[in-house]
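A.B. asks: The structure that follows is given in the form of structure tokens.
Laboratory data are not the source of any read-out in this text; all were calculated from the coordinates shown. Since this is a predicted model, take the numbers as computed values, not measurements. Here the Cβ positions follow ideal geometry from the backbone for every residue, glycine too, while neighbour counts run over all protein chains shown.
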Amino acid sequence: MSLLMETKPIDFEAKRSLAGLSDEQLVGLTLGGDRAAFDQLIRQYQRQAVAVSYRLVGNTHDALEVTQEAFLKAYVGLRSLRQPQAFGGWLMRIVSNLSLNLRRGRKIRRQSTLEDALAANEPCDIARDAGPLRRTQSAEMGQRLMQALEQLPQKQRLAIAMFTLEGLPQKQVAQALECSVEAVKWHVFQGRKKLKELLKEYL
């Protein structure tokens, strides 16, 4: 049964009351058998999870599949979460790992320019209105970028994907990587430096 696609009557009063609860409270309710509490966690993190996965796998279909699998894994493994208040970061780590596992088994093209991806602090966006030549160049550059990303150590790769590409807050990235915010900054710095070395002939 799909956690994301399941259809059932919506209890709007319950939805409003759950919306005001913290992640820690929602996790506690879920562990107590309240399925609606986990549905609320899905509502809160689904878009972010799909966005992070998309940055890593490069297409919407795979990103949705990864997100659904990530929520299933999170639901099944929820009791292993030591810090319920860090559910968001924990979920993003699951999403990132599943996305990278998928990439290892497939050749996936990304449509993103190197210039945007390596920008100092701005998330990179797909050039929606570019002409055919620019789109072809962007696709090729995106593919080169993803190949280079796979050569980075895992924490550098995830930090680049979540912070530089998707623009998640450093605190949430730190929770996902189980490290300090300062360590996230270091991983991003080292990752960008390595990427520029790997891609210098294309920049």
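A.B. asks: Quick check on my link table: of Lys155/Lys196; Lys171/Lys200; Lys155/Lys194, which ones sit more than 19 Å apart, alpha carbon to alpha carbon?
C.D. replies: Values: Lys155/Lys196 17 Å; Lys171/Lys200 30 Å; Lys155/Lys194 13 Å.
In this structure, Lys171/Lys200 exceed 19 Å between Cα atoms.
A.B. asks: Under 16 Å from a point 7 Å along the Cα-to-Cβ line of Leu198: which residues of segment 36-63 have their amide N that close?
C.D. replies: Residues passing the 16 Å test: 55-58.
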